[in-house]
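The values are calculated or read from the model by the stated rules, or taken from the named source; none is laboratory data. Just so we're clear, the structure is a prediction, and the values are computed from it rather than from any experiment. In this analysis, Cβ positions are derived from the backbone assuming ideal geometry, glycine residues included, and neighbour counts consider all displayed protein chains.
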Amino acid sequence: MKKALSACISSCRATRAGVLGLLLASLTVGTVNAYTDIIDDSDLPSVGEPADRVMTQTEEARIKRFLKAQLYGHLPVSEDPESNAYLRALANHILSRTGITQEFDLLIVRNRQVNAFAMPGGLLAFYTGLITKARNESELAGVVAHEMAHVTQRHLARMQDYMTNSNFSLLTMAGIILAGVAQTSALLPAAVLSQAAEAQRFLNYSRANEQEADRFASQFLAKSGIDPNGVANFFEVLLKHSDYRYGKDFEYLSTHPATPSRITEGRDRARQYQGTYLRDREEFRFIRQRMISLQTPTHERLDLFQNRLDSGHKPEAAEQYGIAVAWQKHGDHAKTLELLHNIKIDAPELRLLLDMAIAESHRNLGQLDQAIEMLEFLHQGNPTHTAVEFYLAQAYLSAGQAKQALKLIRKRLRRGIESPQTYRMLAEAANATNQPVISHIALADHYLSKGQLRQAALQLEIAEKHTKANSANQARIDHRRIEIRIMAQGMY
């Protein structure tokens with residue numbers, strides 16, 4: 001089995017079947033849903049729309065697992081707990097108010113480009129450059145709702161209807177999308193490249209799809225109690241930059257043209273909704289400042305801040321928090337604590353951000369009892385907050401309390417918080433509790449989640465040596481080997 005698997009990877013590399021091979025295989029063979037086979041397994045809900053005749057949601061979900069691994073493997077995906085928890089909460093708020101049953105998986109890409117995109121199965125990605133360019137929460141929510149609409153209205157599947165009539169397959173479409181996101185044609189087999197130009201013209205911009213996504217985005221925001229002008233307002237931001245910065249930094253413009261007529265239509269549409277709507281929240285400004293600090297070189301961020309102070313600038317609480325994050329990133333945790341304790345705020349969601357940062361600095365200073373005490377208190381009041389959960393599990397591991405950490409990590413996986421970061425923590429906790437099979441399977445999933453097949457295969461070999469004829473563990477190992485075979489056929 002092991003030799004055969006290695007031969008498969010080598011053979012597939014030689015033939016360079018390309019990304020589409022996996023997609024074809026995944027539609028017929030099926031893949032394991034990451035590490036959840038050790039906990040539970042579930043499929044995405046089916047909405048049964050007409051576009052399903054081209055691409056079912058089960059097919060989209062399988063493709064999504066592959067595409068997500070490739071994004072982790074080729075793009076600097078952020079695993080910052082606070083930023084991801086905030087964006088996920090914003091999306092969940094929209095979903096809960098609109099009655100959308102589609103499940104979404106949101107990623108943040110550490111890149112100053114202003115860009116966002118939707119992919120099959122509800123996979124949405126947002127660049128930090130786009131999030132920090134938004135002036136308020138309604139503008140960011142407008143982009144989130146717009147990308148959601150591309151999925152709920154089955155635009156990717158509808159594109160396939162066009163491409164089928166033009167002899168383009170679903171697999172060609174997905175491969176071109178991925179290659180465009182990664183900004184390289186190396187992910188596509190040669191046979192597809194000759195078709196890419198024509199297909200890309202359709203994928204980049206469909207006026208009907210964009211208009212429909214704008215319309216539904218405004219509706220989603222209004223139902224969510226968020227200012228529906230956010231959709232048009234963000235395109236106004238893009239339009240202001242389009243004349244002199246169109247191109248690399250504003251990639252979003254190439255697929256979402258910001259025209260004056262589009263903005264006017266958006267404003268007219270927003271006027272149809274009567275009522276009082278939320279435009280901004282302080283939490284967005286805190287997270288925005290956090291992202292600026294995390295994506296900006298620390299010395300540049302701190303020097304600019306000092307220059308502003310010298311010119312008489314008086315920073316608000318959000319900016320003070322952002323500067324504390326910069327010092328934390330720099331590794332000066334004593335300075336971080338000093339700054340954080342001087343920020344005067346009472347709002348629970350903002351106090352939570354400060355307390356998580358304070359606890360994390362205590363952990364880094366080796367003050368583990370203080371960190372755990374704070375985080376346990378925060379977790380008691382916020383039992384489903386993924387960032388609190390992450391930091392508490394991390395503190396437990398630092399304090400040698402691996403069993404407690406393991407419980408929290410498995411809880412994350414049950415709720416679908418699957419990422420390389422989570423798998424790595426699970427491997428560490430399982431190893432510390434003398435569960436070598438689980439530890440190495442988790443490491444295999446860590447590598448699989450980034451498309452690193454050889455490393456995943458090696459971890460499965462090590463896990464197999466510890467199975468001791470345990471049929472359940474052997475089944476888990478074999479299941480992942482099947483997934484590696486499928487991925488190898490597509491990637492190489």
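A few comments on the model shown:
- For the condition of a type in the set (S, T, N, Q) and at pLDDT 95 or above, THR384 does not qualify.
Yes/no per residue for (1) under 19 Å from GLN328 (Cβ atoms); (2) surrounded by 23 or more Cβ atoms within 10 Å (Cβ to Cβ); (3) free of Cβ contacts under 8 Å to residues at least 24 places away in the same chain:
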{"site": "ALA371", "(1), (2), (3)": "yes, yes, no"}
{"site": "GLY381", "(1), (2), (3)": "no, no, yes"}
{"site": "ALA387", "(1), (2), (3)": "yes, no, no"}
{"site": "LYS407", "(1), (2), (3)": "no, no, yes"}
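- Condition met for GLU483 (in a helix (DSSP H, G or I) and within 14 Å of GLN435 (Cα to Cα)): no
- Test for ARG135: is it part of a loop (DSSP other than H, G, I, E, B), in contact with a Gly (Cβ under 7 Å, 6 or more places away or on another chain) and within 20 Å of GLU319 (Cβ to Cβ): no
- Put simply, of GLN367, GLN320, GLN306 the only residue that is out of contact with any Ser or Thr (no Cβ under 7 Å at 6 or more places or on another chain), touching a residue at least 12 places away in the same chain (Cβ under 8 Å) and more than 19 Å from PRO81 (Cβ to Cβ) is GLN320.
- From the options ALA472, ALA402, ALA387, ALA429, residue that is of a type in the set (Gly, Ala, Ser) and more than 25 Å from ARG363 (Cβ to Cβ): ALA472
- Taken as a whole, the structure places ALA334 among residues that are more than 16 Å from GLU283 (Cβ to Cβ), surrounded by fewer than 18 Cβ atoms within 10 Å (Cβ to Cβ), of a type in the set (Gly, Ala, Ser) and touching a residue at least 24 places away in the same chain (Cβ under 8 Å).
- Neighbours by Cβ (under 7 Å, 6+ apart or cross-chain): first from the range 91-106, closer than 17 Å to PRO228 by Cβ; second of a type in the set (Ser, Thr, Tyr) and assigned to a helix (DSSP H, G or I): ILE100/THR152
- Within the option set GLY451, GLY400, GLY366, being within 23 Å of the chain's Cα centre (by Cα), not aromatic (Phe, Trp, Tyr) and not in a helix (DSSP H, G or I) holds for one residue only, GLY451.
- When the residues of the range 337-363 are filtered to those that are in a helix (DSSP H, G or I) and of a type in the set (Asp, Glu), the one that is surrounded by the most Cβ atoms within 10 Å (Cβ to Cβ) is GLU360.
- Summed over the range 269-303, residues that are surrounded by 13 or more Cβ atoms within 10 Å (Cβ to Cβ) and either more than 30 Å from PHE220 (Cα to Cα) or not aromatic (Phe, Trp, Tyr) (or both) total 22.
- Among the residues examined, ASP346 does not qualify as closer than 17 Å to TYR86 by Cβ and either among the acidic types (Asp, Glu) or at pLDDT 95 or above (or both).
- Of the residues making up the range 82-132, those that are in contact with a Gly (Cβ under 8 Å, 6 or more places away or on another chain) and assigned to a loop (DSSP other than H, G, I, E, B) are GLN102, GLU103, PHE104, ASN111, ARG112, GLN113, VAL114, ASN115.
- Selection count where residues are buried (at least 18 other Cβ atoms within 10 Å of the Cβ) and either without any contact (Cβ under 8 Å) to a residue 12 or more places away in the chain or closer than 28 Å to PHE390 by Cβ (or both), scope the range 458-482: 7
- Entry remark, the range 258-310: residues being assigned to a helix (DSSP H, G or I) and within 30 Å of GLY331 (Cα to Cα) number 27 in total.
- Residue tally, condition in contact with a Phe, Trp or Tyr (Cβ under 6 Å, 6 or more places away or on another chain) and either modelled with pLDDT under 95 or among the polar types (S, T, N, Q) (or both), over the range 94-108: 1
- Residues that are in contact with a Ser or Thr (Cβ under 8 Å, 6 or more places away or on another chain) and either crowded, with 21+ Cβ neighbours inside 10 Å or not charged (D, E, K, R) (or both), drawn from the range 108-130: ILE108, VAL109, ASN111, PHE117, THR128
- Test result for ARG424, modelled with pLDDT under 95 and within 18 Å of the chain's Cα centre (by Cα): no
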